[in-house]
Structure formats: C-alpha cells, structure tokens
Ligand SMILES: Nc1ncnc2c1ncn2[C@@H]1O[C@H](COP(=O)(O)OP(=O)(O)OP(=O)(O)O)[C@@H](O)[C@H]1O
Ligand SMILES: [Mg+2]
C-alpha cells in the first residue's frame, strides 16, 4: 500500500509518519518512508536514521529534470527504465534500520538553488514505476499545505491520511482536502492529532466528514518533549495500531 500524509504546517504529519512506520515495522512489513518535505529536517531523526542523499541525483539531478520538463512535467520522457521494486533503489540513496528504509527526493541545500519542482516530478514518476510486494508499505510525508495535490505528486497513492490538529485552519482544510481527494479518486482518512478530552468534541463537530476519522491520537507529553529535543520516537501507541487495522480494508 502507498499512503500519503498531508495537512497544515505543524499538525503532526512527520510524527504520525514515524509512528506508523515503526508500527508497520513491528508488524513485520517492509516500510519505505519518503521524506517529501524539501524544507524540514526532523523526520529522519524521529525515525532514528541518517538523512539520505537526494534521490533526485540518481536520475541526473535537479537541472536535468527541469530541462526534461521544459514542455510540462506530464509531457516529459520516463526517468526510469521500467518497473522498480524496493530492491532496485540504490543503497546510497537510502538510510535503513531493520525493516524501515528512508528516501528523500531532495532538500533545499543552498541559497538561490531554485524551487522544489524537480523533487515532486521525480516522486510523481517514481511512485508510478514502483511495484510493491504484498508485505511492502510506502509512507510519504508531504510538505505542509496542498500544493502537492495541485502537482499530482501522490497520484499513485492508495490512501491519503490527513492529519488534523485542534486549530481552525486545520478543520477548514479538512473540507478542501476532502474535495481534492474526491477529484483525485483517493480514499481519505482523517487522523485527529493532539486530542484532549476538551478539544475532541469540537474537532469532531467541525471536521468536514466525521465518518472519515480513522484515528484519534492524544496530546502526549513525551511526543512534545521528543519534538523539542529531536529524539527518536520510541513509544508504542494503540491508536496507531488500530489505524493500521483500519487501513487493511483498502
Ligand atoms: N500527539 C502529539 N502530542 C504532543 N505533541 C505532538 C503530537 N503530535 C505532534 N506533536 C508535536 O507537534 C510538533 C509538530 O509535529 P510534526 O513536526 O510532526 O508536524 P508536521 O506536520 O510534520 O510539521 P511540518 O509541517 O513543519 O512538517 C512537534 O513538536 C511534535 O513533537
Ligand atoms: Mg513534517
């Protein structure tokens, strides 16, 4: 299964990505986490992994991709020779720990280097070429907001998980993301995050489609602390296990 985690800035996409990856790994799945956020540098630490080399370099680098995409990303030649599996990804573009592999299409490294379009184009194509075995799971941690929906980066995903935090902006965005998923034909699941006894009723009342809520992850002090220190996330959360059970239905 290929899934994409999205939502507004700071809602908990990377945290939920890491917890899900670890849960799937405990269940014996092979997990490929794709760090699709060109701006943030915390996901690999949450996973306890090194940040790998930019995968975009494997297909010739940013400048080559932008030249090939001169007539639009949908009209460019294929970047890969044929179907890819996890085993075809060169090791130098992965960092690994047990069943979890991390890949990063690219980060912004220096001033004035240009936009992140190339990374999105590479991922759009890679996901189309990627063939999964029965035991394989792909989790994409997207950049904040909805630009990637406009680009179609995650068009080959089997499910979209929108992480919703207790804020007006998040709840408003739940409506728009539901609309975008409908247009793209993607099943949508909401993960309510930073939930407390007090905020849960308001979140459930204001979310666009309460029937799509698949997880209610409480506000946890240990997650907050790990977020400050940059520590690896080690905790086991029953809510995340239940989420994986729900996703089995796809
Ligand atoms: N359930 C939770 N309980 C407490 N703190 C949380 C919880 N989920 C996330 N956080 C904290 O919220 C902050 C933002 O989390 P995270 O980085 O995962 O969000 P994000 O959506 O990936 O952000 P960005 O848009 O910047 O990529 C972090 O400090 C994290 O530790
Ligand atoms: Mg993040």
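No value in this document is a laboratory result; all are computed from the given coordinates. Quick caveat: nothing in here was measured; it's all calculated off a predicted structure. Quick reminder, even Gly has a Cβ in these numbers, built from the backbone with ideal geometry, and neighbours come from all protein chains shown.
Numerical summary
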item	result
Neighbour-count ranking [beta-carbon atoms within 10 angstrom, fewest first] of 181, 36	181, 36
Protection-proxy order for peptides 92-98, 103-109, each taking the mean of Cβ atoms within 10 Å per residue, highest first	103-109, 92-98
Peptides 153-163, 14-24 ordered by average Cβ neighbours within 10 Å, highest first	14-24, 153-163
Computed helical MRE - 222 nm, the chain, DSSP H runs ≥ 4 contributing -39500 (n - 2.57), nearest 500	-10000 deg cm²/dmol
Antiparallel bridges, percent of DSSP beta bridges restricted to the chain (to nearest 5)	10
Debye intensity ratio I(q)/I(0), log10, the range 2-247, q values 0.12 Å⁻¹ (C-alpha model)	-0.67
Ordering of 227-235, 39-47 by burial proxy (mean other Cβ atoms within 10 Å per residue, highest first)	39-47, 227-235
Cα gyration tensor shape of the range 189-250, rounded if a/c is under 1.5, else prolate or oblate by comparing a/b with b/c	oblate
Principal-axis tilt of helix 117-129 within the chain, Cα atoms, nearest 10 degrees	90
Rounded, prolate or oblate (a/c below 1.5 giving rounded, otherwise prolate when a/b exceeds b/c) for the range 62-134 by Cα gyration tensor	oblate
Angle in degrees between helix 13-26 and the longest Cα principal axis of the chain, rounded to the nearest 10	90
Relative contact order (%) - criterion: Cα under 8 Å, at least six apart; region: the range 1-64	25
Fewest-first sequence of 31, 110 by Cβ atoms within 10 Å of each Cβ	110, 31
Shape of the range 101-196, Cα gyration tensor, a/c cut at 1.5	oblate
Relative contact order of the chain, defined on C-alpha pairs under 8 angstrom at six or more residues apart (%)	30
